[in-house]
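First the structure, in the form of structure tokens, and then the observations on it.
The values are calculated or read from the model by the stated rules, or taken from the named source; none is laboratory data. Note that this is a predicted model, so its numbers are computed, not measured. A quick note on method: Cβ atoms are made from the backbone with ideal geometry, for glycine too, and the neighbour counts reach across all protein chains shown. For accessibility, only protein heavy atoms count, side chains too; no ligands or nucleic acids. Shrake-Rupley method; radii C 1.70, N 1.55, O 1.52, S 1.80 Å.
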Amino acid sequence: MMMEETATGIPSGKLGIWMFLASEVMLFGAFISSYVILRTGSPLFEIPLREMLGIPLATLNTFILITSSVTMVLALDSIQKNNQKGLVGFLAATVVLGFAFLGIKAFEYHHKWAEGITLSSGLFGSFYYTLTGLHALHVIGGILFNLYILRNGMKGIYSNDHHERVEYAGLYWHFVDLVWVILFPILYLL
Amino acid sequence: MDQGHHKETFISKWVFSLDHKIIGLQYMFTSLSFLLSGFSLMLLMRWQLAFPGQPIPFLGRFLPESMAPGGVMLPEFYNQLGAMHGTIMIFLGIVPLGVGFFGNYFLPLQIGARDMAFPRLNMMSYWIYLLGGLVMLSSFMMPGGAAQSGWTSYAPLSVTAPAGQTVWILAMVLIITSSLFGAINFIVTTLNLRVEGLTWSRLPIFVWAQFVTAILLLFAFPVLEAGAVLQLLDRIAGTSFYLPAGLVVDGAPLERTGGGSPLLWQHLFWFLAHPEVYVLILPAMGIVAEIIANGTRKPLFGYKEIVGAMCFLGVMSFLVWAHHMFLSGMKTSLSYFFMTTTMIISIPSVAILTCLVLSLKGGSIRFTTPMLFAIAFLPMFGIGGLTGLPLGFTPTDVYLHDTYYVIGHFHYVVVTGTIIALFGGIYYWFPKMFGRSMNSFWSKVHFWLTILLMNGIFFPMFIQGLAGVQRRLYDPTAQLHNVAVQPTNVFMSYCAWGLLLAQIPFIVNFFYSMFKGKKTAENPWEATTLEWACPSPPLPHKNFEKTPTVHRGPYEYSVPGHKTDFYPQNAA
């Protein structure tokens, strides 16, 4: 498939995904600002004890997600060198790491709920589940996108001069990773 | 692109079409229907405002007990009509007409493209919009009726409102998603699909307007989406994002932890809703600019200034939202900031209007129907804009806030401004869409009746507002100081019902001309922009016989030495 000529020289799909990410920045921006405003402004905003937050597990999860970004970069790098096996292997690793993140997140939810931090127990809980839940939905979306690329990759559709979609999936995945890198300190460490 | 080779069925051609022109027409018919239904809700309200407490004649018999027992409208039903009128008109009527229809149909044509950048996404935008609209209308059937907390849905009232509000939120999320898909598509299309020679300084103003509008939608709508999700959680998941502690509802304390802030909702809402004002007006300005350049047979005055002003408007529109909240008790320093930005944003609006007015100077004006609408737009939008200034100053806003003055102000902007321009656009591009022209006499009847009756409805609102009549009143005669201006309400209601009748010439003329109107040539208005360089209607899925190349700016009218008084962009 030949790329169509565009006025800017940038493929339309790539511009489209950047525009989509711009709107996502505004979406998360609005949630995060709401959180910051109420956390600093509301007298009834109670922050749970650090021990209840499970920081070590969340740190591990952060590490997992950052690693998955690295494997994503390696997947793209492989296909740019026309290494089909590398693409499939690193993409599979990215998907597995994504599932690991969700698994740990589910365990964290279960643990926190048992400790009494629930969606309606107070502002912290409300924001915690809303922000991380929205992020988890994005992780699920990213995993589905990656699985689609993985399926095509196993069919050998991509090559060194045709791999735009691998790059788009990567852009999205890095964005999801970046959001977590912001959520982690503001929810757990501050 | 490969659809051209396949045999198309009725379904793939007219229903699930990927062609931007068919999707544009779907947007047009749907949004015009929503405009009519939103307008009808207002006609019911106008009965209550003119003759409070009296049974609605004829129609009253068909309304159920839960809405109007004995034909007399209940206060709750009045509130539902008000909230749904605003929501339907803005989100389901005007934006989908101005952006979804005009943008979809004419932006690709004006840049010489064969279609939008993402045809499949384009089709999805339409269907999600239609679904959102139907969900929104269905909320009237919920127990307790439709949303009734105003189109602004201020918390905590909206959080404790009946179930119709949940449906409102879900419908809004669908509409927002549809708009976001559309915005991405418009931006990428404008950036990437311009034909050879069509540089940024040669883009028609209409394309610039749609481009800036799409950027506003892209950045503003996600914020409302976030706000809507938080409100949804407050309603169904027991959170307290917008609920302060110690709320008492219907005499019983609300069992919530509290600590949230009702003002948070207002900020998130207006962060969208102020740019939304420019989403409503920019496409209209773009249409008016096209028609005025064509109708005056001379280049627009200040092309660069208009483009610069539009871009500046776009940026500034994100910095003025809290002027809707001067009475929320914000800090004086903060209200000064928003007062200043509000005064600054009036400058580019005035600049655009001035350029459009000066464009008329020295032109040999052709008073065609579209031109009548475009010329009428200028003073009408002027009134709308200038009456906004006293609302931007805190000292005057304290008095005028939440009075009918505000309603008058934004209806002058959106109705006599935007809707008049959109009508003009429909008359202007009708020959392009259907290859036939509309009847000129009945078009002019429609124009004069519409513009007079609209003024008859909205001008008295300023008088009422200055007399202190509050908006959202179920029974205006319940307060003594309103009784003096009550006769204006009767007058306004007759004008509103007359306005409905005034649309009959338009509707009949539209459908008659669609099938039986006089056939027109490819370029009946002798215009210069690219959409007139393709057949009428444009070819399915490819628009142009041969991809055009652009050689000059968009408004080369009356060029000295050229044989005709218009020099098309694509002419070699």
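Data overview
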| quantity | calculated |
| --- | --- |
| Subset of segment B:101-132 (residues that are open to solvent by 10 Å² or more (accessible area, probe 1.4 Å) and more than 14 Å from chain A (Cβ to nearest Cβ)) | B:MET123, B:TYR126, B:TRP127, B:ILE128, B:LEU130, B:LEU131 |
| Test: residue in segment B:410-429 that is at pLDDT 95 or above, part of a helix (DSSP H, G or I) and open to solvent by 40 Å² or more (accessible area, probe 1.4 Å) | yes |
| Criterion (part of a helix (DSSP H, G or I), more than 10 Å from every other protein chain (Cβ to nearest Cβ) and open to solvent by 40 Å² or more (accessible area, probe 1.4 Å)) met by exactly one of B:LEU170, B:LEU157, B:LEU216 | B:LEU170 |
| Search result, residues across segment B:22-66 that are touching an Asp or Glu at 6+ places or on another chain (Cβ under 9 Å) and surrounded by fewer than 20 Cβ atoms within 10 Å (Cβ to Cβ) | B:PRO52, B:GLY53, B:SER66 |
| B:ASN482 more than 26 Å from B:ILE352 (Cα to Cα) and open to solvent by less than 40 Å² (accessible area, probe 1.4 Å) | yes |
| Of all residues making up segment B:232-249, the number that are in contact (Cβ under 8 Å) with a residue 60 or more places away in the chain, assigned to a loop (DSSP other than H, G, I, E, B), more than 9 Å from chain A (Cβ to nearest Cβ) and not hydrophobic (A, V, I, L, M, F, W, C) | 1 |
| Counted residues, segment A:77-96 - those being open to solvent by 70 Å² or more (accessible area, probe 1.4 Å) and of a type in the set (D, E, K, R) | 2 |
| B:ILE187 being under 18 Å from B:LEU282 (Cα atoms), open to solvent by 10 Å² or more (accessible area, probe 1.4 Å) and either more than 10 Å from chain A (Cβ to nearest Cβ) or part of a helix (DSSP H, G or I) (or both) | no |
| Search result, residues across segment A:151-174 that are part of a helix (DSSP H, G or I) and open to solvent by 20 Å² or more (accessible area, probe 1.4 Å) | A:ARG151, A:MET154, A:GLU164, A:ARG165, A:GLU167, A:TYR168, A:LEU171, A:TYR172, A:HIS174 |
| Test result for B:PRO162, in contact (Cβ under 8 Å) with a residue 12 or more places away in the chain and touching a Lys or Arg at 6+ places or on another chain (Cβ under 9 Å) | no |
| Residues of segment B:536-562 classified as assigned to a strand (DSSP E or B) and free of Cβ contacts under 8 Å to residues at least 60 places away in the same chain, total | 1 |
| Unmet criterion (only one of (1) away from chain A (no Cβ under 14 Å); (2) in contact with a His (Cβ under 6 Å, 6 or more places away or on another chain)) for B:TRP270 | (1) |
| Among the candidates B:ILE344, B:ILE365, residue that is outside any helix (DSSP H, G or I) and among the aliphatic types (A, V, I, L, M) | B:ILE365 |
| Those residues of segment B:190-213 which are among the hydroxyl-bearing types (Ser, Thr, Tyr) and open to solvent by less than 30 Å² (accessible area, probe 1.4 Å), in sequence order | B:THR190, B:THR213 |
| Segment B:430-452, residues that are aliphatic (A, V, I, L, M) and open to solvent by less than 10 Å² (accessible area, probe 1.4 Å) | B:MET433 |
| Every residue from segment A:20-74 that is small (Gly, Ala, Ser), more than 14 Å from chain B (Cβ to nearest Cβ) and part of a helix (DSSP H, G or I) | A:ALA58, A:SER68, A:SER69 |
| Residue count, segment B:386-403 (criterion: assigned to a helix (DSSP H, G or I), over 15 Å from B:ALA322 (Cβ atoms) and either under 22 Å from the mean Cα position of the chain (by Cα) or among the acidic types (Asp, Glu) (or both)) | 2 |
| Residue pairs meeting the criteria (Cβ under 6 Å; at least 6 apart or on separate chains; first within 17 Å of B:PHE34 (Cα to Cα) and β-branched (Val, Ile, Thr), in segment B:135-147; second part of a loop (DSSP other than H, G, I, E, B) and open to solvent by 40 Å² or more (accessible area, probe 1.4 Å)) | none |
| Answer residue from segment A:114-124, given it is part of a helix (DSSP H, G or I) and in contact (Cβ under 8 Å) with a residue 40 or more places away in the chain and is farthest from the other protein chains (Cβ to nearest Cβ) among those | A:GLU115 |
| Among (1) of a type in the set (Phe, Trp, Tyr); (2) within 20 Å of A:GLY98 (Cβ to Cβ); (3) surrounded by 15 or more Cβ atoms within 10 Å (Cβ to Cβ), the one test that A:TYR128 misses | (2) |
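Listed here are the residues, each with its yes/no results for (1) small (Gly, Ala, Ser); (2) in contact with a Phe, Trp or Tyr (Cβ under 6 Å, 6 or more places away or on another chain); (3) within 12 Å of chain A (Cβ to nearest Cβ); (4) not in a helix (DSSP H, G or I).
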| site | (1), (2), (3), (4) |
| --- | --- |
| B:VAL223 | no, yes, yes, no |
| B:VAL229 | no, no, yes, no |
| B:TRP265 | no, yes, yes, no |
| B:CYS311 | no, no, no, no |
| B:ALA322 | yes, yes, no, no |
